[in-house]
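Student: Below you'll find the structure I mean.
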Amino acid sequence: METRTGTDNMKIKRTFLSGVAGVTLTAVLAVTSAVAFAAGSHDGGHGGKSGIGVPGNAADVTRTIEIKMGDNFYEPEEISIKKGETVQFKIINAGEFVHEFNIGTAAMHAAHQEEMMMMMEHGVLEVDKINRDMMKMDMGNGKTMEHNDPNSVLLEPKETAEVIWKFSDDAELEFACNVPGHYASGMMGEVHFE
Ligand SMILES: [Cu+2]
């Protein structure tokens, strides 16, 4: 069983096809535009992130919540949080598909769903597999798609991960899976503030 932190996962998610020998010019252009699009929407997400909280420190954890991911649902499907609380989430993908646990607003999830759709179109993401080797992309200009996004993890079946999150505000939060089709089929949960 493999454990991934939010940060590890972010590197995975934000990197695309790289170092592939014999890539055609068309393919390169397609990937470049996809990445630019993804970066743009993601920056937008960060601008609106202030209310959702920040990565937490292990020393401040006051509660551990276990989240089981199935096809396509969470268990539990709602959680209660105190403002300012630092929560350790232990996430297990007990389903047969790739699933994500992502803390954010509905608008952030909508933006993220577009990025995940592109990952699937490029073959980086499959129904039951994350092609992490394809994601270590060096854009050739010194930039990579490495990106610190500690509010989410993306897991293959049987994988587990931990996310420590400090909730700072009572923004309308959901935890959601943005793998194409999953959110629409109900794979989201509500965050209530006590
Ligand atoms: Cu899912």
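Student: Only residues in the range 156-169 that are in contact (Cβ under 8 Å) with a residue 12 or more places away in the chain and at negative phi count as the first member; pair them with residues that are outside any strand (DSSP E or B) and polar (S, T, N, Q), Cβ under 8 angstrom, at least 6 apart or cross-chain, and list the lot.
Tutor: A161/N9; V163/N151; I164/N57; W165/N151; K166/N57; S168/S50; D169/S50
Student: Tell me which residues, restricted to the range 87-110, are crowded, with 20+ Cβ neighbours inside 10 Å, closer than 23 Å to D170 by Cα and of a type outside the set (D, E, K, R).
Tutor: V87, F89, I91, F101, N102, I103, G104, M108, H109 - these are the residues of the range 87-110 that are crowded, with 20+ Cβ neighbours inside 10 Å, closer than 23 Å to D170 by Cα and of a type outside the set (D, E, K, R).
Student: Further question on the same structure: For the range 82-103, give me each residue that is assigned to a strand (DSSP E or B) and at pLDDT below 95.
Tutor: Of the residues in the range 82-103, the ones assigned to a strand (DSSP E or B) are 86-93, 99-103.
Result: no residue meets the conditions.
Student: Continuing with this model, one more query. Among the residues of the range 90-119, count how many are near the ligand (Cβ under 10 Å from one of its atoms) and among the charged types (D, E, K, R).
Tutor: 1
Student: While we're on this one: Name the residue that is nearest to the chain's Cα centre (by Cα), counting only residues in the range 90-111 that are among the β-branched types (V, I, T) and more than 12 Å from T160 (Cα to Cα).
Tutor: Step one: filter the range 90-111 for residues among the β-branched types (V, I, T), giving 91-92, 98, 103, 105.
Retained after the next criterion (residues that are more than 12 Å from T160 (Cα to Cα)): 103, 105.
Numbers: I103: 8, T105: 13 Å.
The extreme case among them is I103.
Student: Same structure, new question: Residues of the range 60-81 being more than 16 Å from the ligand (Cβ to nearest atom) and assigned to a loop (DSSP other than H, G, I, E, B), which ones?
Tutor: Residues of the range 60-81 more than 16 Å from the ligand (Cβ to nearest atom): 60-66, 78-81.
Once the filter is applied, which keeps residues that are more than 16 Å from the ligand (Cβ to nearest atom) and assigned to a loop (DSSP other than H, G, I, E, B), the range 60-81 yields V61, T62.
The values are calculated or read from the model by the stated rules, or taken from the named source; none is laboratory data. Keep in mind that this is a model prediction, so the values were computed, not measured. Because the Cβ atoms are built from the backbone with ideal geometry, glycine has one as well, and the counts that use them run over all protein chains shown.
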